[in-house]
Amino acid sequence: MVIKVREATIPITEIEQSAFCQTDEELKSKPLEEELEAGVQWQKLPISYLKMSPEELDTRIFEARQQIGERLVVLGHHYQRNEIIKYADFRGDSFKLSQLAASKRDAEYIVFCGVHFMAETADILSGPDQKVVLPNLTAGCSMADMAQIDDVMDCWDDLQNVMGGDVTPITYMNSAASIKALCGRNEGIVCTSSNAPATFKWAFERTGKVLFLPDQHLGRNTGSRLGIDTADMLLWNPFKPMGGHTEDEVRAAKVILWQGHCSVHTRFSVDQIEQARSNHPDVQVVVHPECFKEVVDAADLNGSTEYILKVINESPPGSVWAVGTEVSLVNRIAQENPDKTIFCLDSVVCPCSTMYRIHPAYLSWVFDALNAGVVVNQISVDPTTAEEARVALNRMLNIV
Ligand code: 13P
Ligand code: SF4
């Protein structure tokens, strides 16, 4: 038997995560040329867009958008910058945006202001003649990059050998289409942060065990919410044989958690929550379930970005909220609720560096190209992968 041991590798997107961290709470866009100084990968685009001021870009985007008209629908994830989200026809969390991508069949083009896995999902769920565009192809997701398909297939083979089929794969939306496809062809399912518990229940009605990819924290928080002891959840290290465990340990586990995490949400800590409670005795703390379990346990509420938005929007005037999620969304909720006190748990302003790569210059470029009859940055998943991934996505859309 050949034992494969590989050196652990950190995704580039993870290394680049802190590139935009700053103390300026406003997070106002600068000309792209200046933002290029942040040490991250950027997609090349025509040089004329580099020097344009945010105001100039705004005028251009507005005019180009008017010209394209109803042939286009723009979807925007809640973590997008204000200068981008204002052009979204629909805003939402990953689940809502996937539903919208599946239902907006009249538009010829879907420009997805979000990250790569979201645009892939939109391509899989949209009609065969619709074209999905991601304005900047380097807008990935460091968590999704932590689950590479070859490693996941090795893990799946090991689990089949040890468990003889008594395991259902669940992949978080934040994963490549190839991993969703693996779930589709192996009786598995996709989930988002808004429906993870429902998909766990669905899986446990079929098998005794679950493999959850790629976010260990969402998996652990969800298992725990359903009453599964953390001792029955095992962390799978893809760089070690058998994930770093004995066969007996793997056989005994109920939930196998892939060793992935979100570099934005793992910045939040119990200390920050205690500090918020001591500064604001009336504070309510709401966090995203990609945070550490200790943080979710110490918070009052947790849920998807759409949930966080809704619960704060619906709270009475004068409410005080400490929020553990991406800062562009927290700042926007604060701006839209001036009668409440709303702040991010983390005092350092650290936007998601991949979401932040959708700079207005890119939006202007893709709109101008559409008006010139050219589709740039089309995201197109190969038909076999798309068909298998669609099976797993539709299972999710049908149960929630
Ligand atoms: P939501 O589905 O809650 O929007 O989360 C997506 C995401 O990437 C959070 O980091
Ligand atoms: Fe990925 Fe985290 Fe950014 Fe969400 S916030 S897109 S999980 S890196």
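The values are calculated or read from the model by the stated rules, or taken from the named source; none is laboratory data. Quick caveat: nothing in here was measured; it's all calculated off a predicted structure. Note that we place each Cβ from the backbone using ideal geometry, even for glycine, and neighbour counts take in every protein chain shown.
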query = What tally of residues in the stretch 319-345 results from selecting those that are in a loop (DSSP other than H, G, I, E, B), charged (D, E, K, R), more than 13 Å from ligand 2 (Cβ to nearest atom) and crowded, with 19+ Cβ neighbours inside 10 Å?
reply = 0
key: When residues of the stretch 82-99 are limited to those that are over 18 Å from V330 (Cβ atoms) and of a type in the set (S, T, Y), the one surrounded by the fewest Cβ atoms within 10 Å (Cβ to Cβ)   = Y87
task = Could you look through the stretch 63-84, keep only residues that are more than 14 Å from ligand 2 (Cβ to nearest atom) and more than 24 Å from G373 (Cα to Cα), and pick out the one that is farthest from the chain's Cα centre (by Cα)?
result = E83
task = Would you point out which residue out of Q17, Q41, Q22, Q66 is of a type in the set (S, T, N, Q) and crowded, with 20+ Cβ neighbours inside 10 Å?
result = Q17
message = Take Y356 and tell me if it is among the aromatic types (F, W, Y), part of a helix (DSSP H, G or I) and within 14 Å of ligand 2 (Cβ to nearest atom).
response = yes
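Yes/no matrix, rows are residues, columns are (1) among the hydrophobic types (A, V, I, L, M, F, W, C); (2) away from ligand 2 (no atom under 16 Å from the Cβ); (3) within 16 Å of the chain's Cα centre (by Cα); (4) more than 26 Å from N237 (Cα to Cα):
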{"residue": "E108", "(1), (2), (3), (4)": "no, yes, no, yes"}
{"residue": "C113", "(1), (2), (3), (4)": "yes, no, yes, yes"}
{"residue": "F117", "(1), (2), (3), (4)": "yes, no, yes, no"}
{"residue": "V132", "(1), (2), (3), (4)": "yes, yes, no, yes"}
{"residue": "P135", "(1), (2), (3), (4)": "no, no, no, yes"}
{"residue": "S142", "(1), (2), (3), (4)": "no, no, yes, no"}
{"residue": "M146", "(1), (2), (3), (4)": "yes, no, yes, no"}
{"residue": "T171", "(1), (2), (3), (4)": "no, no, yes, no"}
task = Select from the stretch 89-103 the residues that are under 10 Å from V74 (Cα atoms) and within 16 Å of ligand 2 (Cβ to nearest atom) and list them in ascending order.
result = R91
request  = Mind listing whichever residues of the stretch 334-358 are of a type in the set (S, T, N, Q), over 16 Å from N82 (Cα atoms) and touching a Ser or Thr at 6+ places or on another chain (Cβ under 8 Å)?
outcome  = T341
request  = For V283, work out the one condition from (1) in contact (Cβ under 8 Å) with a residue 24 or more places away in the chain; (2) within 24 Å of G165 (Cβ to Cβ); (3) of a type outside the set (K, R); (4) out of contact with any Gly (no Cβ under 9 Å at 6 or more places or on another chain) it doesn't fulfil.
outcome  = (2)
key: Qualifying position, being outside the structural domain of A369 (by TED's automatic domain parsing), within 16 Å of ligand 2 (Cβ to nearest atom) and within 24 Å of V264 (Cβ to Cβ), among V190, V152   = V190
ask   = When residues of the stretch 141-155 are filtered for being surrounded by 18 or more Cβ atoms within 10 Å (Cβ to Cβ) and either out of contact with any Pro (no Cβ under 8 Å at 6 or more places or on another chain) or of a type in the set (F, W, Y) (or both), how many remain?
value = 1
task = Quick one: which residue in Q99, Q130, Q148, Q67 is under 27 Å from W258 (Cα atoms) and away from ligand 1 (no atom under 16 Å from the Cβ)?
result = Q148
task = Scan the stretch 335-369 residue by residue and report those that are in contact (Cβ under 8 Å) with a residue 40 or more places away in the chain and of a type in the set (A, V, I, L, M).
result = L345, V348, V349, M355, I358, A361, L363, V366
key: Residue that is nearest to A181 (Cα to Cα) [pool: residues in the stretch 370-380 that are touching a strand residue (DSSP E or B) at 6+ places or on another chain (Cβ under 9 Å) and more than 16 Å from ligand 2 (Cβ to nearest atom)]   = S380
remark   = In the set A119, A101, A64, A107, the lone residue that is more than 27 Å from T385 (Cα to Cα) and either of a type outside the set (S, T, Y) or in a helix (DSSP H, G or I) (or both) is A64
